[in-house]
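A.B. asks: Okay, handing you the structure first.
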Amino acid sequence: MGNITLEKVQKTFGDVEVIPPLDLEIGDGEFVVFVGPSGCGKSTLLRLIAGLEDVSSGTIMIDGKDATDLGPSQRGLAMVFQSYALYPHMSVRKNIAFPMKMAGMPEDEQQRRIDSAAKALNLTDYLDRKPGQLSGGQRQRVAIGRAIVREPAAFLFDEPLSNLDAALRVGMRLEISELHERLETTMIYVTHDQVEAMTMADKIVVLRAGHIEQVGSPLDLYREPRNKFVAGFIGSPKMNFVEGPEAQKHGAHTVGVRPEHMQVSKTEGIWKGTVMVSEHLGSDTFLHVHDTGLAETMTIRVDGEFGLHHGDTVYMTPEPDKIHRFGQDGLRIS
Ligand code: ADP
Ligand code: MG
């Protein structure tokens, strides 16, 4: 089981309230991602759940029991850090065995869990190596292996892929998602990368300055962002925002249109601008357009081989049913 409930959990460091009182429900088996800009309190929130920090007020329930005053080892959770924190002088096998050895688990049970974790993580052939003889991705898998053998109620990951290069990150992302499918154990995953959040999460928790801005599935957040912050944070490239008369026409202070929700033409359309930069990714092309009189630059996603270049005139027409409207307070108007 891995139900985690936060009730009015609050954290201050000295005079600074890093997490204002916050409620959150995490269901058994869910893959929950905390996402938000650097410094918004993601790690602090995770460390409060792990018991590595004490709450200033509020309650943390794990599987229906009050865990607020329990130490980290008593909560039945396992944390995986960005810096793998492996023992360099120990073999992979011994690194994975370490928490079980500390807990005094019988040798044969230790062996069974090591074999099963190694198999799940493709580490069977590397059990006798030292961490120094492994790639970054393999080291991260050892760190996850050390968490798996504890058979925790939930895994807590704090930016586990940040030290890996881009290609490895994509690979590990899939591995962790697959592991979650297989283990069906609750996972809480912290990242500042909205692409990781969108691709991995059942449920995304968007944080800003310790506040929860929105909780929802990736597509909920993409389709119906509750405010301008979430609208601008989720989705890549970012949503375009337009204010003034063009927004007032739609009964809004600001309208938002995603780059992929704009029709583009060389000859006609509602908004006109000049292509500043054309980024060719092969599958897609991103046009960065200026001189629109609407926003400093607007980004549009077009087909891979769309032939517009620096200095060309472009006309843009937002898809009417894909326009997001926001009030002066930044909240969505629905
Ligand atoms: P994130 O993980 O989202 O980047 P953190 O949770 O690490 O953010 O930090 C949130 C805020 O709390 C930051 O302003 C940070 O400086 C502050 N903070 C974190 N840990 C401490 C601490 N031990 N003492 C004082 N301030 C801290
Ligand atoms: Mg952090």
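A.B. asks: Quick check for you: with a 1.4 Å probe and neighbouring chains kept, what is the accessible area per residue of the stretch 1-96, in Å²? Let's see the in-between values first.
C.D. replies: Details: 4360 Å² over 96 residues.
I get 45 Å² per residue for the stretch 1-96.
A.B. asks: Could you pull out the pairs from Lys65/Lys101; Lys203/Lys249; Lys8/Lys65; Lys42/Lys119; Lys238/Lys272; Lys228/Lys322 whose alpha carbons sit more than 23 Å apart here?
C.D. replies: Values: Lys65/Lys101 27 Å; Lys203/Lys249 34 Å; Lys8/Lys65 16 Å; Lys42/Lys119 31 Å; Lys238/Lys272 19 Å; Lys228/Lys322 15 Å.
Cα-Cα > 23 Å for Lys65/Lys101; Lys203/Lys249; Lys42/Lys119; rest within.
A.B. asks: At most 13 other Cβ atoms within 10 Å plus a DSSP loop assignment makes a site exposed; report the longest stretch of the chain without any exposed GluC sites (Glu not before Pro). Don't skip to the answer; put the middle values down first.
C.D. replies: Numbers: sites that count: Glu184, Glu268, Glu296, Glu305.
Longest gap between qualifying sites, sites excluded: 1-183.
A.B. asks: While we're here: Over the Cα atoms of the stretch 147-296, how large are the radius of gyration and the largest Cα-Cα distance (Dmax), in Å?
C.D. replies: Cα radius of gyration and Dmax of the stretch 147-296 are 19.2, 63 Å respectively.
A.B. asks: Continuing with this model, one more query. How many percent of all Cα-Cα pairs in the chain sit more than 38 Å apart? If you can, show how the numbers build up before the last one.
C.D. replies: Numbers: 16018 of 55611 pairs.
When all Cα pairs of the chain are counted, 29 percent exceed 38 Å.
A.B. asks: Among the DSSP beta bridges whose two residues both lie in the chain, what percent are antiparallel, rounded to the nearest 5? Don't jump to the answer; show the numbers that get you there.
C.D. replies: Details: 49 of 67 bridges.
Counting only bridges with both partners in the chain, antiparallel ones make up about 75 percent.
A.B. asks: Net charge near Ser83: determine it from the other residues with C-beta under 11 Å of the C-beta of Ser83, scoring Lys and Arg +1 and Asp and Glu -1.
C.D. replies: Numbers: positive: Arg139; negative: Asp158, Glu159.
Residues near Ser83 contribute -1 overall.
A.B. asks: Separate question: Out of all Cα-Cα pairs in the stretch 33-162, roughly what percent, to the nearest whole number, are more than 20 Å apart?
C.D. replies: Numbers: 4085 of 8385 pairs.
In whole percent, the long-distance tail amounts to 49.
A.B. asks: Specify the residue with the greatest mean-square fluctuation among Val149, Val255, Val16, computed from a Gaussian network of the chain linking alpha-carbon atoms under 10 Å apart.
C.D. replies: Taking springs between Cα atoms under 10 Å, the residue moving most is Val16.
A.B. asks: Restricting to DSSP loop positions (anything but H, G, I, E, B) with no more than 14 other Cβ atoms inside 10 Å of their own Cβ, which trypsin sites (Lys or Arg not before Pro) remain in the stretch 233-334?
C.D. replies: Values: sites: Lys238, Lys249, Lys266, Lys272, Arg301, Lys322, Arg325, Arg332; in loops: Lys238, Lys249, Lys266.
Within the stretch 233-334, the qualifying trypsin sites (Lys or Arg not before Pro) (loop, at most 14 other Cβ atoms within 10 Å) are Lys249, Lys266.
A.B. asks: Additional query: Work through the residues other than His324 whose Cβ is under 12 Å from its Cβ and net out their charges, Lys, Arg +1 and Asp, Glu -1.
C.D. replies: Numbers: positive: Arg223, Arg226, Lys228, Arg258, Lys322, Arg325, Arg332; negative: Glu224, Glu319, Asp321.
That works out to +4.
A.B. asks: Follow-up. With θ taken as phi - 60° and the coefficients 6.51, -1.76 and 1.60, list the Karplus ³J(HN,Hα) couplings across the stretch 33-38 in order, rounded to whole Hz; mark glycine and proline as x.
C.D. replies: 10, 8, 10, x, x, 4
A.B. asks: Viscosity 1.306 mPa s, temperature 10 °C: give me the Stokes-Einstein translational D for the stretch 238-326 in µm²/s, with Rh taken as the Kirkwood radius over C-alpha pairs. Before the final figure, lay out each step's value.
C.D. replies: On the way: Rh = 13.0 Å.
Result for D is 123 µm²/s.
A.B. asks: Okay, moving on. Going through the stretch 139-206, which chymotrypsin sites (Phe, Trp or Tyr not before Pro) have at most 16 other Cβ atoms within 10 Å and a DSSP loop state? List each step's numbers first, then the result.
C.D. replies: Numbers: sites: Phe155, Phe157, Tyr189; in loops: none.
When the chymotrypsin sites (Phe, Trp or Tyr not before Pro) of the stretch 139-206 are filtered for loop state and at most 16 Cβ neighbours within 10 Å, nothing remains.
A.B. asks: Could you work out the local net charge near Val289, counting Lys and Arg as +1, Asp and Glu as -1, over the other residues with Cβ closer than 13 Å to its Cβ? Write down the numbers at each step before the final one.
C.D. replies: Numbers: positive: Lys266, Lys272, Arg301; negative: Glu279, Asp291, Glu296, Asp312.
Residues near Val289 contribute -1 overall.
A.B. asks: Based solely on its DSSP helices, what 222 nm [θ] is calculated for the chain when runs of n ≥ 4 H residues each add -39,500 (n - 2.57) and the sum is averaged over all residues, nearest 500 deg cm²/dmol? Could the numbers behind the result be given before it?
C.D. replies: Values: 9 runs with 88 residues, N = 334.
Result for the chain, helices only: -7500 deg cm²/dmol.
A.B. asks: Please work out the Cα center distance from the stretch 20-48 to the stretch 87-166, rounded to the nearest Å.
C.D. replies: Between the Cα centre of the stretch 20-48 and that of the stretch 87-166, the gap is 25 Å.
The values are calculated or read from the model by the stated rules, or taken from the named source; none is laboratory data. Model, not experiment: these values are computed from the prediction. Reconstructed Cβ throughout: ideal geometry from the backbone, glycine too, with neighbour counts over all protein chains shown. SASA here: full protein model, heavy atoms, side chains in, ligands and nucleic acids out. Shrake-Rupley method; radii C 1.70, N 1.55, O 1.52, S 1.80 Å.
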